[in-house]
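Below is one structure, written out as structure tokens; the observations come after it.
The values are calculated or read from the model by the stated rules, or taken from the named source; none is laboratory data. As the structure is a computational prediction, the values presented were derived from the model and not from experiment. Glycine gets a Cβ as well: all are built from the backbone with ideal geometry, and neighbour counts include every protein chain shown. Only protein heavy atoms, including side chains, enter the accessible area calculation; ligands, DNA and RNA are left aside. Shrake-Rupley method; radii C 1.70, N 1.55, O 1.52, S 1.80 Å.
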Amino acid sequence: MARLIETKDVYKIYAEGLESEVRALDGVSVNIDEGEFVAIVGQSGSGKSTLMNILGCLDVPTRGDYLLRGTDVKELSDKRLSRIRNKEIGFIFQQYNLVKTLTVQENVELPLIYQNIRYDQRFDMVKDALEKMGIADKYKHYPSQLSGGQQQRVAIARAIATKPEIIMADEPTGALDSKTGNDILAFLKEFNQEGTTVILITHDNSIAAQANRRIRIADGKIIEDTGVKQ
């Protein structure tokens, strides 16, 4: 498999040089290949979400290199980074991040509008994503009319509507009951089996065990990499 992600000695430091200095990431080096299902696992404050933000081009390292498909991310323009976040990476968050004033269809459609995809094509892409998540009949509903599990399905539909190469899921089951959480994990496995690279952020070892590879992080450092591919 081709190398997709490569970080070399990545640091994320807040208040550097001051007494209050915090090293959210402290020299992280990790490689991820196309098609992997990787869990980044650690307790609150370990640095796992900071690492996801950098891998997802939502933040930049204080020091170190991040290569995405061999390209140094810090050399990319804001426009190119925005396209990566919108088209190439699908984000799923614990709190769903749906727009309350928009319908299910409109929420899923948002990233497609940003890509200037014409309406008829957007409609088909939204319908396909909602059907995959089993909620096509909810397209006119607003988030407040849905259960937590249904809202997360909408969030996943929005993430997959652009057919991204990478899905980054930050504690996607954290606000759900165990049955619904297992359903969400099953969807992530299915996407991975179809070829999508999945990076799952979690504090829960049992959820991390669902991935093919587990990267454990503590105090901003990688302390274990099970099933590592170099």
Checklist line | Hits in segment 43-101 (condition: closer than 22 Å to VAL28 by Cβ, part of a helix (DSSP H, G or I) and open to solvent by 60 Å² or more (accessible area, probe 1.4 Å)) | finding: LYS74, GLU75, ARG85
Checklist line | Residue satisfying all of: in segment 4-21; farther than 12 Å from THR50 by Cα and open to solvent by less than 80 Å² (accessible area, probe 1.4 Å); modelled with the lowest pLDDT among these | finding: GLY17
Notebook entry, point to check: Among the residues of segment 204-211, is there at least one that is open to solvent by less than 30 Å² (accessible area, probe 1.4 Å) and more than 26 Å from LYS12 (Cβ to Cβ)?
Noted result: no
Notebook entry, point to check: Looking at this structure, is SER144 of a type in the set (Ser, Thr, Tyr) and either closer than 29 Å to ARG3 by Cα or assigned to a strand (DSSP E or B) (or both)?
Noted result: no
Notebook entry, point to check: Could you count how many residues in segment 146-181 are open to solvent by 40 Å² or more (accessible area, probe 1.4 Å) and farther than 30 Å from ARG118 by Cα?
Noted result: 6
Margin query: Being free of Cβ contacts under 8 Å to residues at least 24 places away in the same chain and of a type outside the set (Lys, Arg) is true for just one of THR180, THR226, THR202, THR196. Which residue is that?
Written below: THR226
Checklist line | Options ALA155, ALA186: the member that is in contact with a strand residue (DSSP E or B) (Cβ under 6 Å, 6 or more places away or on another chain), part of a helix (DSSP H, G or I) and within 28 Å of GLU109 (Cβ to Cβ) | finding: ALA155
Margin query: Looking at segment 102-123 only, could you name the residues that are assigned to a helix (DSSP H, G or I) and within 27 Å of ARG80 (Cβ to Cβ)?
Written below: GLU106, ASN107, VAL108, GLU109, LEU110, PRO111, LEU112, ILE113, TYR114, TYR119, GLN121, ARG122
